[in-house]
Amino acid sequence: MSRKNQYRNQESPGSASPQAEAMALRIQSQRFSGPLPPPEALERYNQILPGAAERIIAMAESQHSHRQELEKCVVTSNVGAQRLGTILGFIVAMTVVLGGMWLVHEGKSGSGLAAILTALASLVGVFVWSKHEQQKDLRKKSEALTAPPDRFPN
């Protein structure tokens, strides 16, 4: 019998080798969250590529600094936008109130009074609405802090 035929006979579907029967399928899954992998994974990275763990840590630190800088820019611009909105709102409201006072002075008391009341009602409405939104945001943040953590986040 030639070697070729010998191998064909060993590989036939009906005859499984003892090694094939002993093999088992093992599936393992690991999951971690956060900027850094667990220490065991960092050690394996270092085994594959020396210095990889230091590079991964440096990358996480760089990303952290970048995120902080972006958050600082967002907060600064939001404060500036709110300040500008307040100043412009005050200018518009005072213009309407002064215009209403001028109309009252010119003998058009109905129109002047309507302009003054409209400006004041608008200011009060914006104030009440913004307070309501702030309370709603605080409630959401408070609920997020007190809620149990999601075991399997998406």
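Just one of the numbered conditions (1) farther than 30 Å from Gln30 by Cα; (2) at pLDDT below 90 is not true of Ala144: (1).
Under the condition of being assigned to a loop (DSSP other than H, G, I, E, B) and exposed (fewer than 10 other Cβ atoms within 10 Å of the Cβ), the residues counted in the stretch 88-145 number 1. Taking the conditions (1) more than 30 Å from Leu123 (Cβ to Cβ); (2) part of a helix (DSSP H, G or I); (3) modelled with pLDDT of 90 or more in turn, Val79 satisfies each one other than (1).
The values are calculated or read from the model by the stated rules, or taken from the named source; none is laboratory data. Since the structure is predicted, the reported quantities are computational estimates derived from the model, not experimental observations. Every residue, glycine as well, gets a Cβ built from its backbone with ideal geometry; the counts of neighbours run over all protein chains shown.
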